[in-house]
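The values are calculated or read from the model by the stated rules, or taken from the named source; none is laboratory data. Treat the numbers as computed from the prediction; the structure is a model and nothing was measured. Here the Cβ is made from the backbone with ideal geometry for all residues, glycine too, and neighbour counts use every protein chain on show.
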Amino acid sequence: MVALVDYGVGNLFSLVSSLAAVGADAVVTSDAKVLRDADKIILPGVGAFGDAAAKLRATGLDSVIKEEAAKGKPLLGICLGMQMLLRKSYEYGEHEGLGLIKGEIRPISEVIPSDYKIPHIGWNALNFTENKSPLFKYINEGDHVYFVHSFYGTNCAESTIATAEYGAPLTAAVAKDNVMGCQFHPEKSGNVGLAILKAFCEE
Amino acid sequence: MITKRIIPCLDVKNGRVVKGVNFEGLGDVASPVELAKFYSDCGADELVFYDITASAEGRKLFTDILCELARSVFIPLTVGGGINTLEDFDRVLKCGADKVSVNSGAIRNLSLIGEAAKRYGDQCVVLSADIKRVDGVFRVFAKGGRENTGMEAIEWIKRGVDNGAGEIVVNSIDTDGVKGGFDIEMLEAVCNAVSVPVIASGGAGCIDHFTELFGALPKVDAGLAASIFHFGEVKIEDLKKELKKNNIPVRL
């Protein structure tokens, strides 16, 4: 069973639908016991980092997620959920993340040329790093996925498994052992996105 | 590299797609769910649904269908038509829409854009503007293009972006339905005024019109059309292959 962490941030409709489409048994929950009983955990999220991190801490689920990840349970962060896996974010101030992956979140405006639009929105190709992640076992390098973001993960090169070119190579996905994250939205990335979710569900 | 988006637009009334649709191998061409799946399989990058229903029953039917559709189509979905309040945003977002397009609702009440952007994020709020030249000036029209608001279009769009609109749909009334190509002049004026993504609408009649659009205006992010896709005059796969041949980045 895959547990989708519900902490009052964003809309889980599409994620639930896409997990159903790949045959996963998914449940939306804010219950610590359900997270502990689950085989896998997905941490979604949209909106501002500080607000979302505060909401997650307020539920007390942040420590449950960390405990379960430490036990080796597969964890996938999506979009802001991926960003929260890192140590720190500099989105409107300075905020602590879960610290499961080394690195931090900074504005993409710091690295992309000034004539590029912000947010980075639309379909972009994935460039894999040297070792192809198991998360990508059903897809190919150059496949397109759907992005919507204005901040990105940096100083996380050792955990980066894919980047997307947008005037600079932006971190598109990260993984460190059982902890994984996608900056893009697999639930909005057509068959490529479904194939990534399927691979995660088979971890 | 970010790709140019090709977006079919579907008008839905009382739960059915209106305007003639003509596809081989599609059982029920008026079913929004079937048509959405078909377009998604053909390589559409995004879908726009306009609810042109007038009744409350029709509206309820629309949201039911949206839910059903969002369970089987996994590309970004934009919904417009009859969006006047935050409750309207909430209603369609809960059913799986990713973005919400406002037009007359924002003309009546500009603060709708800001309030929605604050609650759901800028990326969720699309400002759609129907624009027509009147005595050489771009004017914003309301009520489906029937009523001149008197507002200058570029200023209106800038105000929309300043208030939080994350994307702009520029629908040129002058070129709409003529199938003579997109309104490059109007689109250029908008692209030069704002830094958010701009979606071109109105005037596409053939593949070359898209090549011309993205060639002339690299700043335009997407091309939207309805009838040429629905009638099969332009197949999305063919269109994208042709764009690629012309070195315009697309998702194939």
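Applying the criterion of being within 18 Å of the chain's Cα centre (by Cα) and of a type in the set (D, E, K, R) to the residues of region B:179-206, the residue that is nearest to the other protein chains (Cβ to nearest Cβ) is B:Glu188. Looking at region A:107-125, can you tell me whether even one residue there is more than 27 Å from B:Ala165 (Cβ to Cβ) and among the aromatic types (Phe, Trp, Tyr)? Looking for residues that are more than 27 Å from B:Ala165 (Cβ to Cβ) and among the aromatic types (Phe, Trp, Tyr), one finds none in region A:107-125, hence no. Residues that are buried (at least 23 other Cβ atoms within 10 Å of the Cβ) and of a type in the set (A, V, I, L, M) were ranked within region B:113-134; the one that is farthest from the other protein chains (Cβ to nearest Cβ) is B:Ile131.
Under the condition of being within 12 Å of another protein chain (Cβ to nearest Cβ) and exposed (fewer than 15 other Cβ atoms within 10 Å of the Cβ), the residues counted in region A:94-112 number 1. Within region B:207-252, the residues that satisfy the criterion of being among the small types (Gly, Ala, Ser) and within 14 Å of another protein chain (Cβ to nearest Cβ) are B:Ala222, B:Gly223.
I want to confirm something. Restricting to region B:154-176 and keeping residues that are in a loop (DSSP other than H, G, I, E, B) and in contact (Cβ under 8 Å) with a residue 40 or more places away in the chain, which single residue is nearest to A:Asp115 (Cα to Cα)? Give the steps one after another, and end with the answer.
First pass over region B:154-176, keeping only residues in a loop (DSSP other than H, G, I, E, B): B:163-166, B:173-176.
Checking the rest, the ones that are also in contact (Cβ under 8 Å) with a residue 40 or more places away in the chain come to B:163-166, B:173-174.
Values: B:Asn163: 21, B:Gly164: 19, B:Ala165: 19, B:Gly166: 16, B:Ile173: 29, B:Asp174: 30 Å.
Going through the qualifying residues, I end up with B:Gly166.
Please verify whether region B:20-34 includes one or more residues that are in contact (Cβ under 8 Å) with a residue 40 or more places away in the chain and either under 21 Å from B:Cys124 (Cβ atoms) or within 17 Å of the chain's Cα centre (by Cα) (or both). Looking for residues that are in contact (Cβ under 8 Å) with a residue 40 or more places away in the chain and either under 21 Å from B:Cys124 (Cβ atoms) or within 17 Å of the chain's Cα centre (by Cα) (or both), one finds none in region B:20-34, hence no. The set of residues in region B:117-163 that are at pLDDT below 95 and in contact with a Gly (Cβ under 8 Å, 6 or more places away or on another chain) comprises B:Ala117, B:Lys118, B:Gly121, B:Asp122, B:Gln123, B:Cys124. The set of residues in region B:190-238 that are at negative phi, not in a helix (DSSP H, G or I) and not hydrophobic (A, V, I, L, M, F, W, C) comprises B:Ser195, B:Pro197, B:Ser201, B:Gly205, B:Pro218, B:Lys219, B:Asp221, B:Gly223, B:Glu233, B:Lys235.
Would you point out the residue of region A:15-41, among those that are under 19 Å from A:Met84 (Cβ atoms) and touching a residue at least 60 places away in the same chain (Cβ under 8 Å), that is nearest to the other protein chains (Cβ to nearest Cβ)? By that ranking, first place goes to A:Leu15. If I filter region A:35-55 down to residues being crowded, with 18+ Cβ neighbours inside 10 Å and more than 15 Å from the chain's Cα centre (by Cα), which single residue comes out as nearest to A:Leu197 (Cα to Cα)? This residue is A:Ala38.
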